[in-house]
Amino acid sequence: MQIRKTLLILLPLFALFSGAAAQNKNFGSIKGTIYNASNGNPVPFVNVVLEGTTNGSATDINGFFSINQLIAGEYSLKISALGFETYTEKITLEAGKSVNRTIQLKPAAVQIGTTEITGTKQDQKTEVLTSVTTITPEDIKRLPSVGGAPDFAQYLQVTPGVIFTGDQGGQIYIRGGSPVQNKLLLDGVILYNPFHSIGLFSVLETDVIRSADVYTGGFGAQYGGRISSIMDITTRDGNTKRFAGKISANTFTSNVVLEGPIKKMSEESKTSASILVAGKYAYLPYSSKALYSYTERGKEGLPFGFGDGFGKITINGANGNRASLFGFAHTDRATFNQVSEIKWNQFGGGLNFTVVPGAANVKIDGNFGYSYYKIGLEEDNKDPRSSTVNGFNFGLDFTSYYKRDKLQYGIETIGFTTDFEFFNAANRQINQTENTTEFAGYVRYRMNRGRVVLDPSFRLHYYASLNNVSPEPRLAIKVNVVERFRLKASGGMYSQNLIAANNDYDIVNLFYGFLSGSSNIPENFKGKPVRSQLQKAEHVIVGFELDLIKGMSLNVEGYYKNFRQLTNLNRFKIYDDNAANADEEDRFKKDFIVEKGYAAGMDASLSYIKDRLYIWAVYSLTFTERFDEIVTYFPSFDRRHNVNLVASYTLGKKKNWEITARWNFGSGFAFTQSAGYYENLDFQDGITTDYTSGSGDLAILLANINGGRLPTYHRLDIGAKYTKKFNDNLSLEVNAGATNVYNRKNVFYVDRVTFNRVNQLPVLPYVGFTFAF
């Protein structure tokens with residue numbers, strides 16, 4: 001019944017918006033797609049203007065632009081982008097007609113001595129951009145790369161609002177949200193685990209990323225199904241001009257990227273096709289035995305092994321139409337002290353397409369994807385844990401362009417299966433096999449009124465397995481007070497179904513599993529009825545942007561996330577939920593408990609880019625708390641202060657030398673201390689058991705949950721690289737550096753029984769090379 005209501009609301013809205021997208025007969029439009037003439041890849045974030053007018057646009061992630069509601073006449077189209085020659089063209093536009101161009105920008109012979117991008121600068125005034133960081137491969141490569149391999153995970157750790165829990169088994173927590181509350185999309189497909197066990201590497205190959213948008217909160221209605229953050233990653237296409245590739249190796253990993261045309265792009269042909277394949281393999285368990293034998297594991301070597309693969313075929317049609325087919329596969333395995341082993345694998349793929357109708361001012365994007373993820377953890381003297389999640393997602397997005405405004409609307413369908421087995425701290429088994437389907441629709445309208453930009457949106461999300469509809473209004477606003485100073489704010493309501501499969505009493509959570517929202521929760525929370533099985537949150541974010549001097553900008557945001565309802569594994573469960581235990585309290589027999597919580601804080605970032613120098617400084621202040629019916633506690637990832645300082649400098653007349661440094665400081669994480677020890681008798685003979693002579697196992701009495709604090713964490717990484725260009729296509733890069741230069745002994749965990757302290761990674765020097773052709 002509820003899904004019928006959802007469709008009755010959404011379908012008339014989509015029909016209305018589709019009608020509004022038709023081209024007005026009194027006006028015309030100029031649109032097109034911009035490509036790099038050297039490799040055939042789309043050029044995003046490029047400034048496109050009609051000279052002598054106030055009309056213009058910036059290209060999107062796929063190089064598409066649209067300038068609408070133009071009167072008939074003669075126009076001079078001008079396109080300018082860093083590193084490319086300026087493009088101009090005279091265009092005659094007729095009333096009610098649309099002109100569509102496919103444009104190839106030629107790389108400039110002389111590079112400008114700055115890295116400021118015009119299109120991005122324009123977006124600061126025309127887009128709200130609250131709590132979003134756009135990351136490119138160039139940004140990632142500015143960091144000292146761990147092991148000589150630049151990686152998305154390493155740059156994400158210096159993003160405002162992001163907390164990283166360590167070098168080994170580290171997870172990403174974003175403004176008070178746990179990993180399960182963060183969604184990562186790879187070309188529209190959901191990746192359930194984007195980070196390897198070592199914590200310093202993602203499953204993504206840096207050289208296949210085109211752009212990554214990281215929303216740490218307050219995101220619009222085009223995204224849903226998570227209550228904390230979104231990471232939306234778009235991969236690039238293969239080279240449509242020539243066969244090319246990169247081969248790299250270092251002390252940690254080896255990487256290869258190969259690409260080339262299936263059908264070449266040319267000035268005469270408006271269609272092209274390409275293929276791109278990439279692979280990454282970590283041999284650290286083997287190389288570390290010889291190179292890093294001084295670590296705590298000695299000759300055993302560091303225990304982290306993984307491999308990743310990615311492939312993509314792209315077809316570019318006329319007038320901006322395009323389609324791509326891609327697939328991925330990832331494996332990971334880590335063994336600790338021969339007593340525990342964690343391993344997981346993940347694979348999937350998807351199809352994306354873009355359709356640009358000739359007459360209408362609308363662009364249609366669609367995607368379909370499948371993703372599979374399975375993880376298992378085996379430990380001595382403990383029952384194994386396992387979790388599997390696999391499913392599909394499908395979406396259609398429509399974008400209508402107007403003179404200054406933009407309308408987006410779309411639909412999304414998600415289906416997945418979870419299979420989960422787990423034992424809580426009381427050694428009670430919790431298992432679940434669930435099939436889930438979700439349907440959603442959204443509407444978003446961005447209004448640009450000069451100094452004021454309004455971006456209201458609305459999402460309606462239906463969770464079929466729980467028979468629950470979640471209406472989610474959202475709003476973002478920006479005020480361009482003066483040329484150099486901008487105020488901004490955003491907020492909204494969010495929901496999700498997935499639950500994390502972690503044990504809250506583990507000092508280090510390496511088991512990253514999933515299960516679907518369950519009805520096996522208490523009926524009441526603090527005397528009030530629980531009316532939904534969903535996890536829900538509200539976000540409020542306010543901030544400002546200030547351009548201090550040329551090349552230097554300051555961004556400050558304060559935020560509050562109200563986690564109105566959370567679902568967690570029941571650490572208090574001691575009874576089975578059956579008729580025999582009907583009189584027992586829910587909190588002692590249900591598989592899951594209901595919690596609430598909040599995250600509040602402030603993020604400040606300062607960037608400075610001028611010629612050869614790049615500086616990026618970030619400070620985060622965070623307060624995070626959770627509370628159930630009995631306990632109020634800090635989650636294990638609560639870190640009060642976090643500082644990241646990044647700098648890079650280019651040397652030499654040819655700018656072929658670069659030195660980089662990164663320093664990170666974090667105050668101590670919360671953890672549960674051990675209060676004492678006792679002998680645990682199983683009383684297998686019932687009341688006749690002789691407890692005076694029986695022999696039990698050693699058991700640990702735990703103190704208040706997360707009542708202690710680990711020591712502070714800090715680490716300095718440095719790097720240097722030299723690039724030798726033989727010609728426009730052939731180059732060799734040699735890099736060297738070290739992670740944890742001053743060998744800070746940051747704690748990883750302490751064994752509760754032996755009191756043996758295990759630290760994070762010590763100083764790790766590295767050397768590597770990259771050969772591009």
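The values are calculated or read from the model by the stated rules, or taken from the named source; none is laboratory data. Everything numeric here is computed off the predicted structure, so don't read it as measured data. Cβ sites come from the backbone with ideal geometry, for glycine too, and all protein chains shown count toward neighbours. Remember, those area values only see protein heavy atoms, side chains included, never the ligands or the DNA or RNA. Shrake-Rupley method; radii C 1.70, N 1.55, O 1.52, S 1.80 Å.
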Per 10 Å bin, what is the whole-percent P(r) computed from every C-alpha pair distance within the chain?
-> 2, 13, 23, 26, 20, 10, 4, 1, 0, 0, 0
Once you have a ≥ b ≥ c as the square roots of the Cα gyration tensor eigenvalues for the range 250-389, tell me rounded if a/c is under 1.5, and otherwise prolate or oblate according to whether a/b is larger than b/c.
-> oblate
Do you know the relative contact order of the chain, to the nearest whole percent, from alpha carbon pairs under 8 angstrom that are 6+ apart?
-> 10 percent
Which is farthest toward the positive dipole end of the chain among A600, P384, L258, measuring Cα position about the Cα centre, with Cβ charges +1 (Lys, Arg) and -1 (Asp, Glu)?
-> L258
Can you tell me which of 30-43, 213-226 comes out highest on packing, and rank the rest after it, using the mean Cβ neighbours within 10 Å?
-> 213-226, 30-43
Compute, for I375, the solvent-accessible surface of its heavy atoms (probe 1.4 Å) with the complete set of protein chains present, and express it in square angstrom to the nearest 10.
-> 0 Å²
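Which of the peptides 750-758, 706-714 is most tightly packed, and how do the rest follow, going by the mean number of other Cβ atoms within 10 Å of each residue?
On the way: 750-758: 12.0, 706-714: 16.6.
So the peptides 750-758, 706-714, ranked by packing, come out 706-714, 750-758.
At 1.4 Å probe radius, can you tell me the per residue accessible area of the range 157-271 in Å²? Kindly include the intermediate steps, with their values, before the conclusion.
Numbers: 2500 Å² over 115 residues.
Per-residue value: 22 Å².
Using a 1.4 Å probe, what is the accessible area per residue for the range 570-625, in Å²? Present the calculation step by step, with values, prior to reporting the outcome.
Values: 2470 Å² over 56 residues.
That works out to 44 Å² per residue.
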Would you give the gap between the C-alpha center of the range 545-586 and the C-alpha center of the range 242-321, rounded to a whole Å?
-> 36 Å
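Would you mind classifying the range 710-756 by shape? Square roots of the alpha carbon gyration tensor eigenvalues, ordered a ≥ b ≥ c; an a/c under 1.5 is rounded, otherwise it is prolate if a/b is larger than b/c and oblate if not.
Working: a/c = 5.65, a/b = 3.62, b/c = 1.56.
Cα axes put the range 710-756 in the prolate bin.
Which of the three applies to the range 159-249, rounded, prolate or oblate, going by the alpha-carbon gyration tensor with a ≥ b ≥ c and a/c under 1.5 meaning rounded?
On the way: a/c = 2.63, a/b = 1.42, b/c = 1.86.
The shape class here is oblate.
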In whole angstrom, note down how far apart the Cα centers of the range 140-196 and the range 642-677 are.
-> 14 Å
From largest accessible area down, sort E259, E421, E483; use a 1.4 Å probe on the protein chains.
-> E483, E421, E259
Compute, for D697, the solvent-accessible surface of its heavy atoms (probe 1.4 Å) with the complete set of protein chains present, and express it in square angstrom to the nearest 10.
-> 110 Å²
Of the listed peptides 265-271, 315-321, what is their order by residue-averaged count of other C-beta atoms within 10 Å, with the highest listed first?
-> 315-321, 265-271
Could you look at the chain and say what percent of its accessible area is carbon and sulfur, using a 1.4 Å probe and all protein chains?
-> 57 percent
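Pick out, in residue order, every one of the GluC sites (Glu not before Pro) in the range 23-98 that is DSSP loop and has at most 16 other C-beta atoms within 10 Å; say none if there are none.
For GluC sites (Glu not before Pro) across the range 23-98 that sit outside H, G, I, E and B with at most 16 neighbouring Cβ atoms in 10 Å, the list reads E51, E85, E94.
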Links exceeding 27 Å between C-alpha atoms in this model, out of K78/K655; K382/K596; K106/K478; K312/K406; K106/K246, come to K78/K655; K382/K596; K106/K478; K312/K406
Counting only the heavy atoms of the protein chains, how much of W657 is accessible to a 1.4 Å probe, in Å² to the nearest 10?
-> 120 Å²
Accessible area (Å², per residue) of the range 348-486, counting only protein heavy atoms and a probe of 1.4 Å | 41 Å²
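Quick one: order D577, D547 from most to least accessible surface, probe 1.4 Å. If you can, show how the numbers build up before the last one.
Working: D577 65, D547 15 Å².
Reading off the accessible areas and sorting them downward yields D577, D547.
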